[in-house]
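Note sheet for the following structure.
The values are calculated or read from the model by the stated rules, or taken from the named source; none is laboratory data. Computed from a predicted model, the values in this text were never measured in an experiment. Positions of Cβ are backbone-derived with ideal geometry, glycine not excepted, and every protein chain shown enters the neighbour counts.
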Amino acid sequence: MSHEHVSYLELLARGAATEAYDRPVLLARASGAGPETLAGLEEAKQLALRVRAELEGRRRREAELSALFATAHDLAGLRDLDAVLRAIVQRARALLGTEVAYLSLNDPAAGDTYMRVTEGSVSARFQQLRLGMGEGLGGLVAQTARPYVTDDYFDDERFQHTRTIDTAVRDEGLVAILGVPLTLGSQVIGVLFAADRRARVFEREQVALLGSFAAHAAVAIDTANLLAETRSALAELERANDIIRAHSAGIERAAEVHDRLSELVLRGGGVHDVTEAVSEVLGGTVEFTETTAGAVCWALYQAARTPEAGRRLAEECRPLLGTRAAGWDDLPHLPYTRQVLLEATRLNPPGWLVTRTATTDARLGAHHVPAGATLAYSPYLLAHLPGQYPDPDRFDPDRWAPGRQATDGPGRQIPASVFGGGARQCVGQDYALAEGVLMLASITARWKLRIDPEGPRQPRLPGLTLNPLRLHVTLAPTAPRP
Ligand code: HEM
């Protein structure tokens, strides 16, 4: 090997710049070397430059690969999905040295892929782009699960150009685009892109590099998704646990209260002892009030002062019951008794004032109701409104006779709002009506009532109920006592 040839090896070993490779030929020419020597040197120079390019390529690939591993390693450390996605596009952009990088995710429900994160993008239209499957470069990557690259997007006939996509790409000013699929197993979850605003050739190695990075990125996305799911499942479990704990504490407390109240009643405690115990348990003041007894009181009073109603009530109850108390099975045979009770509750509804709190701002007719305002309405006033019932102040149990129920709206069998309505409607309605009918029938069957001419003492208002304060009656047995 000649001295000149050795100098090329030295240049290679030094990693010299390309210009330095002209030097041995120039020196040989200056020192008067013959054409044969010069041709040999030229050939050696070309060979040395090829080796240099190959070494250069390997060095670059090695640098890219170590950047890839460092990046993949970083990604694996991120836990939050948004942070993972942002890191993916930032690093894709740095790996390929492009002006823009972006990532779209597939939306299986909509059957398309939508822009999720962009880096280096300036166009809002581009950042909100959705690509149908097969549309544009990204839609094609998402559909075929293969990388696609173009040096000049607008001149590339392989892609299905749509106006929306082209306008957005033009808005962003992109020319050269490389898209690689983000896949998990056989499923494409999105597309990772690197793009430039000038015509540029993406080399095969770079396509492969972004592809390898996308494989790591997809795993990082999957891990972040799984973590998010696990985290929300854990939070859900914690919430469920709290509810169960609160529930069982509630049940335990209710059982304790139940035991305490039962014991109180069994030891002969009265209503006042019970209300006192309940006040203590609830940590407030509990008042005791009667509703069904008040309703029965008004019914007895009205039946006694309305001869026809009193007669029909007695005719229904006395032959059926004799002197025994009414029981559950008698209920279907006491329709008129029920009508009397209903009509009495209409005229004097025990719950005469019902309140509601507005949860949001609302309009009621011409009125603005601010959130938090308390609204009150009165079943008593509603029942006495002219127009709501014909001759509203008259005690007429036949308003509730079968076929006549339309007086209070179609299909209504109970006076409107006497038991409230909606979510807070009285839970004891059916119980109260059954109990009231049985009480009214049992009393009527056994006793004739003579009302004190002064009538009931009117309830003192404002009070919780409309029960009469006192009703003086004289009782005469309907049949001799056995
Ligand atoms: C003739 C007898 C009764 C009348 C007229 C009556 C009337 C009412 C009224 C007007 C309300 C308010 C409803 C609302 O805000 O919309 C109510 C609530 C309630 N009533 Fe009665 N009631 C009677 C008997 C009973 C009985 C016997 C019980 C229990 C066995 C009972 C248990 C309740 C309960 C627990 C509520 C509160 C419901 C809630 O806020 O979720 N009621 N009642």
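Against the criterion of being loosely packed, with under 13 Cβ neighbours inside 10 Å, touching a helix residue (DSSP H, G or I) at 6+ places or on another chain (Cβ under 9 Å) and not in a helix (DSSP H, G or I), Glu256 does not qualify.
Scanning region 121-128 for residues that are surrounded by 20 or more Cβ atoms within 10 Å (Cβ to Cβ), out of contact with any Cys (no Cβ under 8 Å at 6 or more places or on another chain) and not hydroxyl-bearing (Ser, Thr, Tyr) turns up at least one hit.
Every residue, every condition in (1) at pLDDT 80 or above; (2) farther than 16 Å from Thr291 by Cβ; (3) assigned to a loop (DSSP other than H, G, I, E, B); (4) more than 41 Å from the chain's Cα centre (by Cα), yes or no:
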{"site": "Asp398", "(1), (2), (3), (4)": "yes, yes, no, yes"}
{"site": "Pro402", "(1), (2), (3), (4)": "yes, yes, yes, yes"}
{"site": "Val437", "(1), (2), (3), (4)": "yes, no, no, yes"}
{"site": "Glu454", "(1), (2), (3), (4)": "yes, yes, yes, yes"}
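Within region 17-64, the set of residues being among the basic types (Lys, Arg) and either within 60 Å of the chain's Cα centre (by Cα) or assigned by TED's automatic domain parsing to the domain that holds Leu95 (or both) comprises Arg58, Arg59, Arg60, Arg61.
May I ask you to say which residue of Thr167, Thr183 is over 23 Å from Thr71 (Cβ atoms) and at pLDDT 90 or above? Break it down stepwise before answering.
Numbers: Thr183 fails: over 23 Å from Thr71 (Cβ atoms).
Sole residue among the options that is over 23 Å from Thr71 (Cβ atoms) and at pLDDT 90 or above: Thr167.
Elements of the type helices (runs of 4 or more DSSP H) sitting completely within region 291-384 and holding at least 2 residues that are within 16 Å of the ligand (Cβ to nearest atom): these cover 292-305, 335-347, 379-383. Quick one: in region 140-151, of everything that is over 18 Å from Val100 (Cβ atoms) and not basic (Lys, Arg), which residue is surrounded by the most Cβ atoms within 10 Å (Cβ to Cβ)? Top of the filtered list is Ala142.
One line per residue, one yes/no per condition, for (1) of a type outside the set (A, V, I, L, M); (2) out of contact with any Cys (no Cβ under 8 Å at 6 or more places or on another chain); (3) within 16 Å of the ligand (Cβ to nearest atom); (4) more than 23 Å from Leu334 (Cβ to Cβ):
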residue	(1), (2), (3), (4)
Arg424	yes, yes, yes, yes
Gly428	yes, yes, yes, no
Ala434	no, yes, yes, no
Val437	no, yes, yes, no
Ala445	no, no, no, no
Pro453	yes, yes, no, yes
Pro456	yes, no, no, yes
Arg460	yes, yes, no, yes
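Residue-level check: of (1) loosely packed, with under 14 Cβ neighbours inside 10 Å; (2) closer than 24 Å to Gly77 by Cα, Ser248 misses just (2). Per this entry, Leu85 is counted among residues that are surrounded by 14 or more Cβ atoms within 10 Å (Cβ to Cβ), modelled with pLDDT under 90 and either under 36 Å from the mean Cα position of the chain (by Cα) or not in a helix (DSSP H, G or I) (or both). Look at region 335-348: where a residue is within 16 Å of Gly403 (Cβ to Cβ) and a partner is of a type in the set (Gly, Ala, Ser), sitting 6+ places away or on another chain with Cβ atoms under 7 Å, you get Gln339/Ala401. A residue that is surrounded by fewer than 16 Cβ atoms within 10 Å (Cβ to Cβ) and in contact with a Lys or Arg (Cβ under 7 Å, 6 or more places away or on another chain) occurs nowhere in region 329-349.
Among the residues of region 217-235, those identified as surrounded by 18 or more Cβ atoms within 10 Å (Cβ to Cβ) and out of contact with any Ser or Thr (no Cβ under 7 Å at 6 or more places or on another chain) are Ala217, Ala220, Ile221, Ala224.
Taking the criterion of being touching a Ser or Thr at 6+ places or on another chain (Cβ under 8 Å) and hydrophobic (A, V, I, L, M, F, W, C), the residues of region 301-347 that qualify are Ala303, Leu313, Ala314, Cys317, Leu321, Ala325, Ala326.
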